[in-house]
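For reference, the structure discussed in these notes is given below.
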Amino acid sequence: MTTRDDILIQLRRGNLTTAELARHLGLSRNAVVLPLERLVNEGLVRRAALRRSGQAGKPAHEFEIVPGHEDTVSSAYRPFVELMLAVLSRERSRDDIERFMMDVGREMADHMPPMTDASFDDRLAAARSVVDDLGAGTELIVDDQGFIVQSRSCPLATAVRKQPCVCKAVAAFFEAATGRKASERCIREQTLTCRFKIEV
């Protein structure tokens with residue numbers, strides 16, 4: 001756990017001032033200020049009410065989690081997704097799951113900022129940025145038949161090993177985001193390599 005994560009955990013329990021955070025974490029005030037300001041700049045934490053202590057000196061700001069970000073450091077998503085996939089595998093056919101995954105990918109693309117007049121290169125760069133923010137660390141390979149977005153750091157590795165059609169979601173995302181036909185060409189060996197072919 002980083003100081004950043006520890007601050008978020010403390011603020012999930014209630015609003016605190018900088019001094020109170022430092023005391024709860026056993027750190028100096030200066031050690032808390034920088035990561036706290038970064039969280040404010042990222043939009044995860046905000047200044048709340050001014051608290052007056054009744055003593056001499058300036059009142060202190062309380063800080064609080066911005067609504068909608070209460071689960072930022074939650075570890076529940078991975079087991080939840082794995083269990084959801086296990087239930088889907090029992091209850092639905094492979095074709096149904098693939099259609100579901102493709103719908104998820106298209107929904108991801110729908111949540112991107114509008115790029116109506118953007119070039120293909122800009123659309124592809126924006127799509128890569130989205131999956132990179134999820135932890136993919138993509139590289140772009142160009143050949144005569146199109147483009148391959150490749151990553152050796154699959155952010156969905158555990159889910160992919162249990163249900164390979166998860167990759168269909170990412171392929172559908174690239175197709176919807178770029179407006180070009182996309183397909184998954186992932187290599188599923190001991191180490192996963194994500195590969196998504198985007199046609200010219």
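Every read-out reported here was derived from the displayed coordinates using simple, explicitly stated rules and does not represent laboratory data. Predicted model only: the values in this text are computed from it and were never measured. Here the Cβ is made from the backbone with ideal geometry for all residues, glycine too, and neighbour counts use every protein chain on show.
State the Cα centre-to-centre distance between the range 1-71 and the range 78-93 in whole Å. The distance from the Cα centre of the range 1-71 to that of the range 78-93 comes to 37 Å.
Anisotropy class assigned to the range 19-107 is prolate, per the alpha carbon gyration tensor with a/c at or over the 1.5 cut-off and a/b larger than b/c. A Förster radius of 25 Å, combined with the Cβ-Cβ distance separating ARG106 from GLU189, puts the computed FRET efficiency at roughly 0.30. Spin-label model, ASP5/ASP71: points 7 Å from Cα along the beta carbon direction are separated by 1.8 nm.
The orientation-averaged projection of the convex hull spanning the C-alpha atoms of the range 3-65 amounts to 4.1 square nanometres. The Cα atoms of the chain define a convex hull whose projected area, averaged across directions, is 15.1 nm². Each residue in ARG152, ARG195 was given a count of other beta-carbon atoms within 10 angstrom of its own, and listing them fewest first yields ARG152, ARG195.
Note on ALA19 and ASP95: the model spin-label points, each 7 Å out from Cα along the C-beta direction, lie 6.8 nm apart.
Using all alpha carbons of the range 93-199, what is the percent of pairwise distances in each 10 Å bin, ordered from the shortest bin to the longest? Percent of pairs per bin, in order: 15, 51, 29, 4, 0. Exposure proxy shown here: for SER183, SER129, the number of other Cβ atoms within 10 Å sets the order, fewest to most, as SER129, SER183.
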